[in-house]
Amino acid sequence: MATVTSIERKIEIWKRKTIFTDDGHWLFTGAQNKDGYGQVRLGFEMLGIHRVSAHLFLGLDLNSRKLALHKNSCPHKNCWNPECIYIGTVKDNVRDTVKSGHHKGWAINTCRTRTSI
């Protein structure tokens, strides 16, 4: 993994590729994946910038199975402000997508295993 000094340099580069909005969002204008999430290289890996932000500011272990999720109050997939992100699970993610109307799975109140969420 990258050293602290190299991460600090990377953050400075990421800031130059970011639009800071008046309502508090940090919109990454660099590379994006096919779904519109900002992507950055850290070491030899391409990671979502919101995941790296959760690691740097919220303590997410990049090797864990936990997810970096956008709060429903943040409509921007490319936002990396730690105030717009929380650490959660797959179940949290499904619940959020159902609540926001973006879920592509089964009925509104069930997940693929038909377990109520």
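FYI, it's all coordinate maths here, none of it is from the lab. Given the structure is predicted, the values throughout are model-derived calculations rather than measurements. Every residue, glycine among them, receives a Cβ derived from its backbone with ideal geometry; neighbour counts consider all protein chains shown.
Structural remarks
- Nonlocal amide H pairs with Lys71, under 5 Å, H built at 1.01 Å: Ile85, Tyr86
- Residues Phe28, Phe44, Phe20, Phe57 arranged by fewest to most Cβ contacts within 10 Å: Phe44, Phe20, Phe57, Phe28
- All lysines inside 26 Å of Lys15 as judged from Cα atoms, apart from same-chain residues fewer than 8 positions distant: Lys34, Lys66, Lys71, Lys77
- Taking the fewest neighbouring Cβ atoms within 10 Å as the starting point, the ordered list for Val90, Val52, Val40, Val98 is Val90, Val98, Val40, Val52.
- Here the relative contact order of segment 48-96, from alpha carbon pairs under 8 Å that lie six or more residues apart, stands at 41 percent.
- Exposure proxy for Glu12, Glu45, Glu83: other Cβ atoms within 10 Å of each Cβ, ordered fewest to most, give Glu12, Glu45, Glu83.
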